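Chemist: Could you have a look at this structure, given as C-alpha cells, before my questions?
The numbers here are math on the coordinates, done by the rules we state, and not lab data. Since the model is a prediction, treat every value here as computed from it, not as a measurement. Glycine gets a Cβ as well: all are built from the backbone with ideal geometry, and neighbour counts include every protein chain shown.
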Amino acid sequence: MTFTGAIGAVCMFPLRALIALSVVLRVHPNVLTLIGVLINVLAAWALAVGRFTLAGGIMIVANIFDFIDGKVAERRQLGSDFGGFWDSVMDRFSDISLFIGLIYLYAQLGRTDYVVITALAMMFSVLTSYTRARAESMIEKCKVGFMERPERIVLFMIGAFTNRMAAVLWVIGVLSIVTVADRIFYTWRELSRAQPGTPA
Amino acid sequence: MTLSRQLALPLVVLWNALFWTYDRATWQYDLMVIAILAFVWLTPPAWLGDPMAAGPGLLGWLDALLG
C-alpha cells in the first residue's frame, strides 16, 4: 500500500460510521451536500478574517459532508442525475467561497499581488472542472492532470493548519494551469484520433 | 514510436509530471505529493512574500543555523 493510500484507509474508519448514521437517520444526500456548502461558507469567513486554524477545522467538517453525500445516496439507492448535478454545482460554490474569503483577506491587507494570485488560482480551479465536464460531452473520459478537487481541498487544509497559504496558492495556481492545459491537449488529441484528417 | 520514447529520460520524466495520467495511490502520486509538501513547508515564507505566515520556515531556519 502506498503512503497516500494508507492515509485514505485510516480516514475511512470514522467516515463509515457517519455514513451508517446518516442512512439510519434517513437524511437525504442532497441535504448533506447543502449542509457541507453552508459549513464551507463559514470556513470562507474564517479565512477572510485570517483565522486559518479555525478555517482548517471547519473545512474538515464541511468536507466530511461533501464526502459522505454520494456514499449515502448509494446506500439508500437515491442516486440520481439531479443529485450528481446538484453535487457538482455545490462543489463549485464551496471552492469559489474559499477563494473569495482569501481574496477579501489579502485585499484588506493591501496585498494586490496575492489578490491576483488567488483570483488566478480560482479561475483555473473552475476551468479544471469545466474543461473536464465539457470534454466528457464529446469524448468518453478526460481524467488527466494532477490538480483535481480533492487535492485542492487537502492543500487548502494544509495551508490553513500550517499557516502556509501563500505557498499553497502558488501550488494550486500553477498545477491548475497545467491541469487545464493537459485537458485541452488530451481532448484535442482524442478528437483528432476520432476524426483523422479533419481539424479538431 | 510514442512521443515519450523519442525524448531523453529527463524530458520523459518532465513530460510525465506535466502531462499527468497517473491514478491516486500510486508511487508516482506519492512522489508528487512529497514534492508539493516539500515546497509548501520548506520554502521560507519571505521568499514568496507570504502576508500571513509567521517564522522563517524549515529552510530559513536551517539557513540561519548554518549561516
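Chemist: Counting only trypsin sites (Lys or Arg not before Pro) that sit in a DSSP loop (anything but H, G, I, E, B) with at most 16 other Cβ atoms within 10 Å, what is the longest stretch of chain A containing none of them?
Modeler: A:77-140
Chemist: Follow-up question, since we're still on this one. Which whole number in µm²/s is D for chain A by Stokes-Einstein, with the Kirkwood Rh taken over Cα pairs at 20 °C and 1.002 mPa s?
Modeler: Value of D from the Cα-based Kirkwood radius: 118 µm²/s.
Chemist: May I ask you to sort A:Ser176, A:Ser88 by Cβ crowding, counting other Cβ atoms within 10 Å and putting the fewest first?
Modeler: A:Ser88, A:Ser176
Chemist: Taking the Cα centre of the protein assembly as shown as the origin, how large is its charge dipole in debye, to the nearest 20, when only Lys and Arg (+1) and Asp and Glu (-1) carry charge on their Cβ atoms?
Modeler: I would put it at about 300 debye.
Chemist: Which helices of chain A meet both criteria: a Cα extent of 20 Å or more along the helical axis and a mean Kyte-Doolittle score no lower than 0.0, with helices taken as whole DSSP H segments?
Modeler: Passing helices, by number: A:3-24, A:29-48, A:52-75, A:81-108, A:112-135, A:165-194.
Chemist: Let me have the relative contact order for chain A, percent, based on Cα pairs under 8 Å that are six or more residues apart.
Modeler: Here the relative contact order equals 20 percent.
Chemist: At q = 0.16, 0.23 Å⁻¹, what log₁₀ I(q)/I(0) does the stretch A:93-200 have when each alpha carbon counts as one equal point scatterer in the Debye sum?
Modeler: These q points yield log10 I(q)/I(0) values of -0.71, -1.17.
Chemist: Please report Rg over Rh for the stretch A:57-124, where both radii come from the alpha carbon positions and Rh follows the Kirkwood definition.
Modeler: When Rh is taken as the Kirkwood radius, the ratio is 1.14.
Chemist: Still on this structure, I have one more. Normalise the Debye intensity by I(0) for the stretch A:19-94, one equal point scatterer per Cα, no solvent, then take log10 at q = 0.11 Å⁻¹ and round to two decimals.
Modeler: Cα-only, vacuum Debye calculation for the stretch A:19-94: -0.29.
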